[in-house]
Structure formats: structure tokens, C-alpha cells
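Notes follow once the structure below has been shown.
The values are calculated or read from the model by the stated rules, or taken from the named source; none is laboratory data. All values reported here derive from a predicted model rather than from experimental measurement. So basically every Cβ, Gly included, is an ideal-geometry build from the backbone, and we count neighbours across all protein chains shown. For accessibility, only protein heavy atoms count, side chains too; no ligands or nucleic acids. Shrake-Rupley method; radii C 1.70, N 1.55, O 1.52, S 1.80 Å.
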Amino acid sequence: MNSYKILKRQVFSKDNYAIVPIRMQDRFDIMQWRNEQMYHLRQNKPLTEDDQNLYFERVVAKLFEQDQPEQILFSYLENEKCIGYGGLVHINWIDKHAEISFIMATKLEANHFEQHWQTYLSLIEQVAFKDLGLHKIYTYAFDLRPHLYKAFEASGFKKEAVLKEHGRFNDTFIDVILHSKFSPYYLRNASPEDTLSIYEWANDPATRQNSFVYDKVKLEEHKNWFKTKLKQPEADYYMGFYQNIKSGFVRFDMEDEISVIGINISPEQRGKGLSNVFLNLGIKLHLAKYKQQQIHAYIKPENEASKKAFTKAGFRFFSKEIIKNQNALLYKYE
Ligand SMILES: CC(C)(COP(=O)(O)OP(=O)(O)OC[C@H]1O[C@@H](n2cnc3c(N)ncnc32)[C@H](O)[C@@H]1OP(=O)(O)O)[C@@H](O)C(=O)NCCC(=O)NCCS
């Protein structure tokens, strides 16, 4: 299977459907669908097999290895059979947005159009928001297929703009409609205003049990510790938000080339899969600033949720260690 360097996970699935890095073997099906649906695509002549081979060799093959590809393309599968393709295109890595593209096998359009659009959008959203940490995704559609908008709106996309006479169709100029959706996840640098939230989460019984220091944290000590940490260049701390609610704290404490990571999810927000997202996004921010760092996590052997969360985020068990006289598992980010 092809694999994108930029993605931590390669396969995103829901029931019988999945998106996987675009497969060479699907290129002629894709060519056929594109040719059948040329009227709504930015394509002005039918593709030939040679065109398609060239495109896969010259453009697609390079995307897998790039640190910041301009597009990420997927085959859309039903039980392993390709029934569509699409991706994130015109990715803007600075402003963190991307356009969504998708077409399905032409014969499915009559009866399954909305269903496949909605399934596909839910999968591509996971790539964009949970793995890549993009802020906004949008669709750009020639105003020719009004039934598309129902699928967008049912998936939480909102109509954002009408670009007047922005596309040309059969020698007339037609409108282009933009629908967009914003990420519910957001990380910013931790700041003094987070002092009390972090204190409360730190004293939650599950946190104390999973920490290598059992005693309750005292407020004055916590305030001093946090104030000092925020000033230290070796500390890189983030506050994570979900739907605008403060939901988790991710910290990196650096010593030479090793960064030790810790995470604490607000007790009310646990069990919703946020640890995976905040670990992914936190690591991206940390490594963007400190490129050479290796990231280590120390986890108590009985902390099953933490082991799963770190494994899913790309960590692997490395060794058994003793921390403050207690058993610890060292996991390393790969
Ligand atoms: C550990 C912690 C970070 C996990 O975060 P979370 O957002 O609650 O966990 P998620 O919802 O992302 O779940 C992570 C995985 O653990 C599983 N899980 C959750 N609670 C679990 C439990 N009590 N036992 C076993 N598995 C559990 C989930 O099903 C999920 O697995 P999946 O991805 O295979 O579905 C969070 O519970 C926490 O902050 N705990 C207190 C502090 C702590 O332990 N920090 C880590 C120190 S190393």
C-alpha cells in the first residue's frame, strides 16, 4: 500500500467504507469517471490512458514522500473495491485550510449520491482535522448540482460564499458556491489563565493515580511551578480546546534532544477520543519548533487508556523503567 509521509494513519474507515492513499490500480476507473463527469470538473478534454499514466508517475507518485504536499489523494473503497476518489487539494499549510475534492463512480450517482458524499466527508474530515490539524476545509462547486448542497449541509458544512460568474460552462459564466467547515479542535500555547484548570485536572483522582507522584498538588506550589515553567525555554506547553471548551493539556519538557511528553484530558471530556487528536496536534506544533527532538512518554503499566492513546498517536513500547520507585513503561514516538 502507498503511504503518505505526512500522515500518521493511512487508512480511515467507517463501516464498510474506507479511504486509503490513492492506488495505482484504480487509475483507469478514475479516468473513466472523470471523463464521464467532465462537465463539473476543472478538466477541458477527455483523459487518455497515457495522460493518466503520466499523471500518476509525475504528480501522484511524488505526493507520498513530500513533507507538505499540495494535495493528498485517496481511493474511496467499499469492501476494498474502489468506488470513488478524492482528497484534500490546494492545501495551504500556512493558513491551514484545504479544498475537498471527490467524485464517485458515475453509476452510483443516481441513487446513492448523498449517502456517499456524506460518508466520504466524514472520512476526509478525520484526515483534515484529527491527523493534519487543518483549521478549515471547504468545497468549491460549479452551481450545477443543487443536490450536492443537501449532502454538505447534512455533514455540518455551511454555505460561505457565492463567487459570481466564476466558472465557464457551455460558453456561459456560472456561479461557484463555497461551503466550509471549521475544525472543532484547537491548540494554543499554555498561558497564566490556564493555571486553575490545570490545577483542577491535576488533582482529579484518576490523574493522581496515573501520576508517578501520588500526593495531591497544593495550589500555591502549583501556581509557582506553572509560573516558572511558562518562563522556561525547556518547557513547551499547550492548552487544547474542543468546540471552544478547554479540554486538555499537553506538555513537553525538554532535556537536551529528548522531550518528555505528558497529557491530561479534562475529566468531563475523557473517553471522547480527544487524547489522540491533542497528541497529534501537540506533536506537530512541538516538532515544527524543535525539529530534532525525540519524544518519550512514561506510562504506568496499568494505565490502559494512556497506552492505547499513545500507541494510536504513533508511539511504540521501548522498555520497562523505574520512575520514583515505581514501574513505568517507556514509549517512544516513531
Ligand atoms: C489517559 C487519558 C489521556 C486518555 O484520554 P481520553 O481522551 O480519555 O481517551 P480516549 O477517549 O482518547 O481513549 C483512548 C483509548 O483508550 C480507551 N480507553 C479509555 N478509557 C479506558 C479505560 N479505562 N481502560 C481501557 N481503555 C480505555 C479508549 O477506548 C480508546 O481506545 P480506542 O482508541 O481503541 O477506542 C485521559 O484519560 C487522562 O487524562 N487521564 C488522566 C491523566 C493520565 O493518565 N495521563 C497520561 C499519563 S501517561
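At 0.36 nm per residue, minus the direct Cα-Cα distance, what do L196 and K332 gain on full extension? Give it in nm, one decimal, please.
The L196-K332 span can extend by a further 46.0 nm.
Cross-link candidates for K62: which aspartates and glutamates have Cα within less than 16 Å, leaving aside residues fewer than 8 places away along the same chain?
Partners found: E70.
Within the chain, what's the longest run with no chymotrypsin sites (Phe, Trp or Tyr not before Pro) in a DSSP loop and at most 15 other beta-carbon atoms within 10 Å? Give the range, please. Numbers along the way, then the final one.
Details: sites that count: W93, F212, Y214, Y290.
After excluding every exposed loop site, the longest remaining stretch is 94-211.
If you take every DSSP beta bridge whose two residues both sit in the chain, what share of them, in percent to the nearest 5, is antiparallel?
Numbers: 70 of 76 bridges.
If I count the DSSP bridges inside the chain, around 90 percent turn out antiparallel.
What nm value, rounded to one decimal, do you get for the distance between K45 and I245 when each label is placed 7 Å out toward the C-beta?
The two pseudo-label positions are separated by 5.7 nm.
Given the whole protein assembly as supplied and a 1.4 Å probe, what does the accessible area of L187 come to in Å², nearest 10?
20 Å²
Say R0 is 51 Å: what FRET efficiency, to the nearest 0.05, do H166 and N325 get from their beta-carbon distance? Walk me through the intermediate numbers first.
Details: r = 67 Å, r/R0 = 1.31.
About 0.15, to the nearest 0.05.
7 Å from Cα along Cα→Cβ at both N35 and K291: what's the point-to-point distance in nm?
Each label point is offset 7 Å from its Cα along the Cβ direction, giving 4.4 nm.
Residue-wise, which Karplus ³J(HN,Hα) couplings in Hz belong to region 307-319, taking 6.51 cos²θ - 1.76 cosθ + 1.60, θ = phi - 60°, and x for glycine or proline?
4, 5, 4, 5, 4, 5, 7, x, 8, 10, 4, 10, 7
Can you tell me the length gained on complete extension of the stretch K150 to V59, counting 0.36 nm per residue apart and subtracting the Cα distance?
Full-extension gain reported as 29.5 nm.
What is the spin-label model distance, in nm, from K216 to K107 if the labels are put 7 Å beyond Cα along the C-beta direction?
The two pseudo-label positions are separated by 6.8 nm.
Between their Cα atoms, which of K5/K181; K227/K289; K150/K312; K96/K231; K5/K218 are more than 32 Å away from each other?
Exceeds cut-off: K150/K312; K5/K218.
As a check on your grasp of the helix formula, calculate [θ] at 222 nm for the chain: sum -39500 (n - 2.57) over DSSP H runs of n ≥ 4, divide by the residue count, round to the nearest 500. Intermediate results must be reported in sequence, preceding the final value.
Values: 9 runs with 94 residues, N = 334.
Counting only the DSSP helices, I get -8500 deg cm²/dmol.
Give a quick list of trypsin sites (Lys or Arg not before Pro) in region 162-253 that DSSP marks as loop, anything other than H, G, I, E or B, with at most 15 other Cβ atoms within 10 Å.
On the way: sites: K164, R168, K181, R188, R208, K216, K218, K223, K227, K229, K231, K246, R251; in loops: K216, K218.
Passing both the DSSP loop test and the Cβ count: K216, K218.
Taking H placed 1.01 Å from N in the peptide plane, check which residues at least 5 places from I22 or on another chain put their amide H under 5 Å from its amide H.
L73, F74, S75
Rounded to the nearest angstrom and ordered from largest down, what semi-axes does the equivalent ellipsoid of the chain get from its C-alpha gyration tensor (root of 5λ)?
Over the Cα atoms of the chain, the semi-axes work out to 44, 21, 17 Å.
Could you order E334, E49 so the one with the most accessible surface comes first? Probe is 1.4 Å.
Heavy-atom accessible area, descending, gives E334, E49.
If a/c stays under 1.5 just call it rounded; otherwise compare a/b with b/c (prolate if a/b is bigger, oblate if not). Do that for region 148-276, with a ≥ b ≥ c from the square roots of the Cα gyration tensor eigenvalues.
Judged from the Cα gyration tensor, region 148-276 comes out prolate (a/c at least 1.5, a/b above b/c).
With a 1.4 Å probe and all protein chains kept in place, how do M254, M239 rank by accessible area, largest first?
Greatest to least solvent exposure: M254, M239.
Taking θ as phi - 60°, what are the ³J(HN,Hα) couplings along region 90-100 by the Karplus curve (6.51, -1.76, 1.60), each to the nearest whole Hz, with x for Gly and Pro?
6, 6, 10, 6, 7, 8, 6, 9, 8, 8, 9
Select from region 171-268 those GluC sites (Glu not before Pro) which occupy a DSSP coil region and have at most 10 other Cβ atoms within 10 Å, ordered by residue number. Show your work: numbers first, answer last.
Working: sites: E193, E200, E220, E221, E234, E255, E257, E268; in loops: E234, E257.
Those satisfying the criteria are E257.
Using the beta-carbon distance between D204 and F318 and R0 = 25 Å, what value does 1/(1 + (r/R0)^6) give for FRET efficiency, to the nearest 0.05?
Efficiency, rounded to the nearest 0.05: 0.35.
Using a Förster distance of 56 Å, how high is the FRET efficiency between V176 and D253, based on the Cβ-Cβ distance and rounded to 0.05?
0.70
Can you give the three extents of the C-alpha atoms in region 1-134 along their principal axes, from longest to shortest, in whole Å?
34, 33, 28
Roughly speaking, what is the stretch gain from E70 to K231, that is 0.36 nm per residue apart minus the C-alpha to C-alpha distance, in nm to one decimal?
Taking 0.36 nm per residue and subtracting the Cα distance, the gain is 54.3 nm.
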